Structures are given as C-alpha cells and as structure tokens.
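Colleague: Before anything else, here's the structure in question.
The values are calculated or read from the model by the stated rules, or taken from the named source; none is laboratory data. Here the structure is a predicted model, which is why all the values come from computation and not from measurement. Note that each Cβ is placed from the backbone with ideal geometry, even for glycine, and that neighbours are counted across all protein chains shown. Areas reflect the complete protein model, heavy atoms only, side chains present, ligands, DNA and RNA absent. Shrake-Rupley method; radii C 1.70, N 1.55, O 1.52, S 1.80 Å.
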Amino acid sequence: MKKRYSTLLVLILSLMFGLTGCAQKPKVSISFDPFTPNPAVLQKSGTIYLARVTDARKNKNVVGKIIQSGKPVTTILTDDSIDRWFADALVKALDVEGCKVVRKPVNNSKVAQVKIRIDELEALLDRSELTKENLTATAKVTLFIKQGNVQITKHVGLTQKKWVPPFSGEGTVKSYLQETLEQLVESVREHIDEYRF
C-alpha cells in the first residue's frame, strides 16, 4: 500500500511539474530583502574598521539555477550589488550589539581592519529529484583581519540543503538564498567579535 501511495505521489508531482514546466522562463531576476538583525542578547562595546567588501565572483549577476535531468531550465539573476548588501547587513548586525563600525582608516593599531571577499553565492534547484533534498544554497566569504602586527585570513562558508516541491520556482530559491546569506552574516559577525577593540 505504501509503495502504491509513493508511486501515486511521484506521478502527481510529475504531472504538476509537467503542467507548470511549459511556462518556465530561461532567465528570471530576483531582489534580496534588506537584512534585519535579531535583537542582541549581550551588548558589546568596541570599534572595527570595515575597509572593504568586494564581490570576487566571476558572474556577479548569476545567483542560482533550476535544472531538470542535469540540464539548465532557468538561470536566476539579480541586479542587487551583493557586496553592498553584505556590507550593510554586517554593519547592522554589529551595530545592534553595540559595536561601532567605521568606514575610514583609524589612527589606532588596536582597531581591527576588516576586509571581506565574497567568493561564492549560488543556489541549485534540481527538479529531477522528487523525494530527496533537491535545493542547495551555498555562500562563502574570506575575511582578512589586521590588528596591529597580527594578520589573519579566515574562510567562512555555509552550505544548506533541503527538500522542496519539485515545481517550486525562483521565489523559493530566493528565500533560501536570503536565509543562507543572513546566516553567513551572523557567522562573520561572530568571527569579527573576537577582534573588536
């Protein structure tokens, strides 16, 4: 009985995808919502100098793909400046817990200088996968921190996977990418917390 139910479910999902797949656009554009940080549990003082956030990805407009049977169905684009979005989000995340972020050099060797390079941001929705995790979102950055004579390089990244209905579209991909980006911002904030003065 369970096998018949599973087969019926896969058949229904396939039919639903078949009906919606015909109208699929080869390219769609999404926009990310502004970051809203969670209220801070602990207030921390200090200052950091956010020198630069750069987007080092080859194709800065492409943030995702929807594929079917290994072939691209839709390319998901954004006109958002991801480096600007990330910088604004990080400033908000640090500000809410009491850290002052300056954007110009400071004549104080105790104030950490932070540079961030965005290395990867992408999502992949595989519509061929009907029952297992079929949506993956990845975001990776490199932190360059200089405090006095100490220089540190840290790679911070996040990859998440989950199952979504195979006929899901760019709205689902956008929400998952947004969630992944926001979690990465919080992780970067935690790393920077160690170097605040």
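Colleague: Using the Karplus curve 6.51 cos²θ - 1.76 cosθ + 1.60 with θ = phi - 60°, work out ³J(HN,Hα) for each residue of the stretch 102-116 in order, rounded to whole Hz, and write x for Gly and Pro.
Modeller: With coefficients 6.51, -1.76 and 1.60, one gets 10, 10, 10, x, 10, 8, 7, 5, 7, 7, 6, 9, 10, 10, 10 Hz.
Colleague: At R0 = 41 Å, how high is the FRET efficiency between Ala51 and Trp163 if r is their beta carbon distance? Nearest 0.05 is fine.
Modeller: 0.50
Colleague: Using a cut-off of 10 Å between beta-carbons, work out the net charge of the residues near Cys99 (Lys and Arg +1, Asp and Glu -1, Cys99 not included).
Modeller: So the environment of Cys99 carries a net charge of +1.
Colleague: R0 = 45 Å: FRET efficiency of Glu179 with Asn108, Cβ-based, nearest 0.05?
Modeller: 0.80
Colleague: Also, I was wondering about something else. Mean-square fluctuation check for the chain, GNM, Cα pairs under 10 Å: which of Val114, Val141, Val106 is largest?
Modeller: Val106
Colleague: Then there is this: Each residue of the stretch 28-44 in order: what ³J(HN,Hα) in whole Hz does its phi give by Karplus 6.51 cos²θ - 1.76 cosθ + 1.60, θ = phi - 60°, with x for Gly and Pro?
Modeller: 3J(HN,Hα) across the stretch 28-44, in whole Hz: 9, 10, 10, 10, 8, 6, x, 6, 10, x, 6, x, 6, 6, 10, 8, 10.
Colleague: Considering only protein heavy atoms, with the full assembly of protein chains and a 1.4 angstrom probe, order Lys154, Lys110, Lys104 by accessible area, largest first.
Modeller: The ranking, largest first, comes out as Lys104, Lys110, Lys154.
Colleague: Run lengths n ≥ 4 of DSSP H only: what is the helix-derived mean residue ellipticity at 222 nm for the chain, with -39500 (n - 2.57) per run over all residues, to the nearest 500?
Modeller: About -10500 deg cm²/dmol.
Colleague: OK, next. Sorted from largest down, give the three principal axis spans of the alpha carbons of the stretch 96-197, whole angstrom values.
Modeller: Computed over the Cα atoms, the extents are 56, 25, 19 Å.
Colleague: For the chain, what's the radius of gyration and Dmax over Cα atoms, in angstrom?
Modeller: Looking at the chain, its Cα Rg and Dmax stand at 20.4, 73 Å.
Colleague: Suppose every K and R has +1 on its Cβ and every D and E has -1 on its Cβ; what is the size of the dipole of the stretch 29-161 about the Cα centre, in Debye to the nearest 20?
Modeller: I would put it at about 560 debye.
Colleague: Once neighbouring chains are kept in place and the probe is 1.4 Å, which whole percent of the accessible area of the chain is contributed by carbon and sulfur?
Modeller: On the chain, the fraction of accessible area on carbon and sulfur atoms equals 53 percent.
Colleague: Related question: Checking the cross-link filter: which aspartates and glutamates have an alpha carbon closer than 13 Å to that of Lys27, excluding same-chain neighbours under 8 positions apart?
Modeller: Of all the aspartates and glutamates, those that pass the test against Lys27 - Cα under 13 Å, at least 8 places apart if same chain - are Asp79, Glu170.
Colleague: Between Ser187 and Asn61, what FRET efficiency follows from the Cβ-Cβ distance if R0 is 35 Å, with the result rounded to 0.05?
Modeller: Once rounded, the FRET efficiency stands at 0.90.
Colleague: Longer than 27 Å from Cα to Cα, which of Lys110/Lys154; Lys44/Lys161; Lys60/Lys100; Lys58/Lys132 are they? Say none if no pair is.
Modeller: With Cα atoms farther than 27 Å apart: Lys44/Lys161; Lys60/Lys100; Lys58/Lys132.
Colleague: Something else: Karplus couplings for the stretch 134-145 from phi (6.51 cos²θ - 1.76 cosθ + 1.60, θ = phi - 60°), rounded to Hz, Gly and Pro as x?
Modeller: 10, 10, 10, 10, 10, 9, 9, 9, 10, 9, 10, 10
Colleague: At Gln68 and Val96, where each label point lies 7 Å from the Cα along Cα→Cβ, what is the point-to-point distance in nanometres?
Modeller: Each label point is offset 7 Å from its Cα along the Cβ direction, giving 3.9 nm.
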